[in-house]
1. Based on DSSP H runs of at least 4 residues, each adding -39500 (n - 2.57), what is the mean residue ellipticity at 222 nm of the chain after dividing by all its residues, to the nearest 500 deg cm²/dmol?
2. Over segment 4-157, what is the mean sequence separation of C-alpha contacts under 8 Å (at least six apart), divided by residue count, expressed as relative contact order in percent?
3. Starting from segment 1-99, pick out the trypsin sites (Lys or Arg not before Pro) whose DSSP state is loop and whose Cβ has at most 13 other Cβ atoms within 10 Å.
4. In square nanometres, what is one fourth of the surface area of the convex hull spanned by the alpha carbons of segment 26-68?
5. Name the helices (complete DSSP H segments) of the chain with a Cα length along the long axis of 18 Å or more and a Kyte-Doolittle mean of at least -0.5, or state none.
6. Find how many whole Å separate the alpha carbon centroid of segment 1-43 from the alpha carbon centroid of segment 100-155.
7. Can you give me the Rg/Rh ratio for segment 80-140, using Cα atoms for both radii and the Kirkwood formula for Rh?
8. In a Debye calculation with equal point scatterers on the alpha-carbon sites of the chain and no solvent, what is log10 I(q)/I(0) at q = 0.10 Å⁻¹?
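No lab work stands behind these numbers, since they all come straight from the coordinates. It should be emphasised that the depicted structure is a prediction, and the values quoted were computed from it without experimental measurement. In this analysis, Cβ positions are derived from the backbone assuming ideal geometry, glycine residues included, and neighbour counts consider all displayed protein chains.
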Amino acid sequence: MKNIRIRKGEPGDIQTMVTFLHHLFELEKDFAIDADKNRVGLQLLFVDQHAGTIYIAEAAGKVVGMVTAQIVVSTSSGGYSILLEDMYVASGFRRKGIGTKLLEQVIVWGSGQGAHRIQLVADVTNIGALMFYRQAGLVTSRMTALYGKLDAINKKLT
């Protein structure tokens, strides 16, 4: 698709991004839709732009996609890795190269931060996303993602 502009996210984009996260979390059943928490999480990504980033895709001045990423330490690769946290492209704009452009920009950013690999989790039912990431060269891991709320885990541990 022509006339796609990828730019750094700005605080003024947060409401649109919260809406996109709502749509994404409708697909990813592990996560509850909570606009307030989503807003706070997005705001935290603006605090240290070396540790995390947001990129926005625009078509004809309209926000049509987003990606968020963070830098983490990978002991297996002996260096930094990009954690791709959220990627969303609005319906009607998918399969037009926008996701590819967002992913490319995250890779450029992460490489600039010293990262040597990228990692992410995607819902097993989100077939379109899984196909996209595989076509981009990511491989399915034998690892399984686990997560939990710290207060609930602490109660079980003590």
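1. Mean residue ellipticity at 222 nm (helix-derived): -11000 deg cm²/dmol.
2. Computed value for segment 4-157: 20 percent relative contact order.
3. Here the trypsin sites (Lys or Arg not before Pro) that fit, given the DSSP loop and packing criteria, are Lys2, Lys29, Arg95.
4. Mean projected area for segment 26-68: 4.0 nm², to one decimal.
5. 14-27, 98-112
6. With segment 100-155 and segment 1-43 each reduced to a Cα centre, they are spaced 16 Å.
7. 0.96
8. The Debye formula, applied to the Cα set alone, gives -0.37.
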